[in-house]
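Here's the structure, in structure tokens; my notes come after.
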Amino acid sequence: MNKERIIEILKETKVLLEGHFLLTSGKHSAKYMQCAKLLQYPVYTEEIARHLANKFNNEKIDSVIAPAIGGIIFGYEVARQLGAKNLFAERVNGKMELRRGFEIPKGAKVLVAEDVVTTGGSVKEVIEAVEKQGGEVVGVVVVVDRSNGTVEFGTRFEAALTTEVVAYEANDCPLCKEGNSVPIKPGSRKL
């Protein structure tokens, strides 16, 4: 699967939004990658998940884990492609944790899956939760890496699409300075 095909799918599913957005990181941007729109289409989700899962076929992944809410469907499909167990982490008092009886056995090989990353904060919290349970994180897969490859997870990192979508600190946001708009928060972090 090449970059052109990924971009074709993202355009077809209208993932890229334009406006004034408040990102999960607290930064502002004129563009937002709403990967939930991709997940409306199982055939495209499967195609991208298969592409990324194939990169980990030789790792003998025990579980795939995703941060709630954005990564759950994508993580499920990656797990299905790998024949692995599927888990998700969710926020408890503002911090990602495993709930609902989910457990990671000590030494289990775990792949983290997410829809989109900018700073990677949610993924880093999930990695911490996996390691706290004694699991071994063997990699991270995402549909879109908005950091243009600058985000680091301390493990192998594979993105279907790596791109830079400019983001501004809130106090430096040119959109705010224009005074014509207020940023909207389309993400799921506060859920």
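Rule-based calculations on the coordinates, nothing more; no lab input. Just so you know, these numbers come straight off a predicted model, no measurement behind them. No Cβ is skipped: glycine too gets one built from the backbone with ideal geometry, and neighbour counts run over all protein chains shown.
Across all directions, the average projected area of the convex hull around the alpha carbons of the range 16-72 is 5.1 nm². Model label sites at residue 1 and residue 85, defined 7 Å from Cα along the beta-carbon direction, differ in position by 2.6 nm.
About its Cα centre, how strong a charge dipole does the range 3-178 have in debye, to the nearest 20, once Lys and Arg get +1 and Asp and Glu get -1 at the Cβ?
Values: 23 positive and 25 negative charges, 66 e Å.
Value, rounded to 20: 320 debye.
Per residue of the chain, what 222 nm ellipticity follows from adding -39500 (n - 2.57) for every DSSP H run with n ≥ 4, rounded to the nearest 500? Counting only the DSSP helices, I get -7500 deg cm²/dmol.
Over the residues of the chain, compute the C-alpha Rg and express it relative to 2.2 N^0.38 Å. Before the final figure, lay out each step's value.
Working: Rg = 16.4 Å, N = 191, 2.2 N^0.38 = 16.2 Å.
Here the answer is 1.01, to two decimals.
Karplus-based coupling profile of the range 147-164, in residue order and whole Hz: 7, 6, x, 8, 6, 10, 10, x, 8, 4, 9, 10, 10, 5, 9, 10, 8, 10, with θ = phi - 60° in 6.51 cos²θ - 1.76 cosθ + 1.60 and x standing for Gly or Pro. Taking the fewest neighbouring Cβ atoms within 10 Å as the starting point, the ordered list for 146, 50 is 50, 146.
Of all alpha-carbon pairs in the range 45-119, indicate the percentage at a distance above 18 angstrom. Result: 36 percent of Cα pairs exceed 18 Å.
Charges were assigned to the Cβ only: +1 to each Lys and Arg, -1 to each Asp and Glu. The resulting dipole of the range 110-191 about its Cα centre is roughly 260 debye.
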